[in-house]
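Let me begin by presenting the structure, written as structure tokens, before commenting on it.
Please treat every number below as a calculation from the coordinates, not as lab data. Being a predicted model, the structure only gives us computed values, none of them experimental. Positions of Cβ are backbone-derived with ideal geometry, glycine not excepted, and every protein chain shown enters the neighbour counts.
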Amino acid sequence: MSVLDISFLSRLRRNHGLEHATITILSQRFPYRPLAGYSFPFGFFLLGDIPTEHVREAVIQALARMNNGERYLAVHPNCGTNYVASGVVAGALAWLGMAGAKDKRDRVERLPLVMALAIVGFIISQPLGPKIQERITTSGDPQGLSIVDIFPLHFGRLPVHRVITQG
């Protein structure tokens with residue numbers, strides 16, 4: 001048993017995967033509508049101007065497809081994990097480029113090197129984010145996850161749906 005199997009983390013990872021699968025399905029139906037999500041152990045929030053009935057259909061379809069083996073739906077190209085992975089690698093290489101700089105002039109002279117290292121870090125980190133999603137931050141196996149309720153919330157003009165799960 002790993003730390004990722006702890007009930008709290010397992011549910012969070014499964015809901016994160018279901019959130020991604022739902023966003024993937026909705027993005028195919030509504031290709032030009034911006035969507036975002038935020039997962040927690042008891043479900044997720046879906047931000048975007050989508051009618052509730054379409055959100056409900058997408059969540060049900062996403063869960064069914066994941067239960068039928070389409071685990072790849074849990075990994076999404078716009079997940080924050082991808083951005084964090086790229087930022088950490090690029091930032092670490094940029095920091096390394098500045099390591100040992102003695103004064104302001106030395107730092108200014110190293111700026112092209114630092115920029116090049118950050119760009120290289122960003123490029124080489126591209127496959128890292130999806131791998132981290134696949135192995136750590138999401139789960140493509142719902143493992144008995146079920147949908148309890150889906151309902152709209154309104155925060156001013158921001159349309160949000162809350163998806164509550166159990167299991």
Q. Hey, with R₀ at 41 Å, roughly what FRET efficiency would Arg29 and Ala99 work out to, going by the Cβ-Cβ distance, to 0.05?
A. 0.25
Q.
Using Cβ counts within 10 Å as a stand-in for footprinting exposure, how do Leu9, Leu96, Leu18 rank, fewest first?
A. Leu96, Leu9, Leu18
Q) How far apart, in nm, are the 7 Å Cα→Cβ label points at Ile119 and Phe8? A) 4.3 nm
**Q.** the chain - Rg over Rh from alpha carbon coordinates, Kirkwood radius
**A.** 1.11
Q: Name the most mobile residue of Ala101, Ala64, Ala116, meaning the one with the largest mean-square fluctuation, in a Gaussian network model of the chain with Cα contacts below 10 Å.
A: Ala101
Q) Based only on Cα atoms, what Rg/Rh ratio does the stretch 84-167 have, Rh being taken as Kirkwood's radius? A) 1.28
Q: About the Cα centre of the stretch 80-128, how large is the charge dipole given +1 on each Lys and Arg Cβ and -1 on each Asp and Glu Cβ? Please answer in debye to the nearest 20.
A: 140 debye
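Which of the peptides 129-136, 48-55 is most tightly packed, and how do the rest follow, going by the mean number of other Cβ atoms within 10 Å of each residue?
129-136, 48-55
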Q: Among Met66, Met1, rank each residue by its count of other Cβ atoms within 10 Å, from fewest to most, as a rough exposure measure.
A: Met1, Met66
**Q.** Potential lengthening between Ile60 and Phe45 on full extension [0.36 nm per residue; Cα-Cα distance subtracted]
**A.** 3.9 nm
Q.
Could you check the spin-label model distance between Val88 and Leu111? Points 7 Å from the Cα along Cα→Cβ, value in nm.
A. 3.0 nm
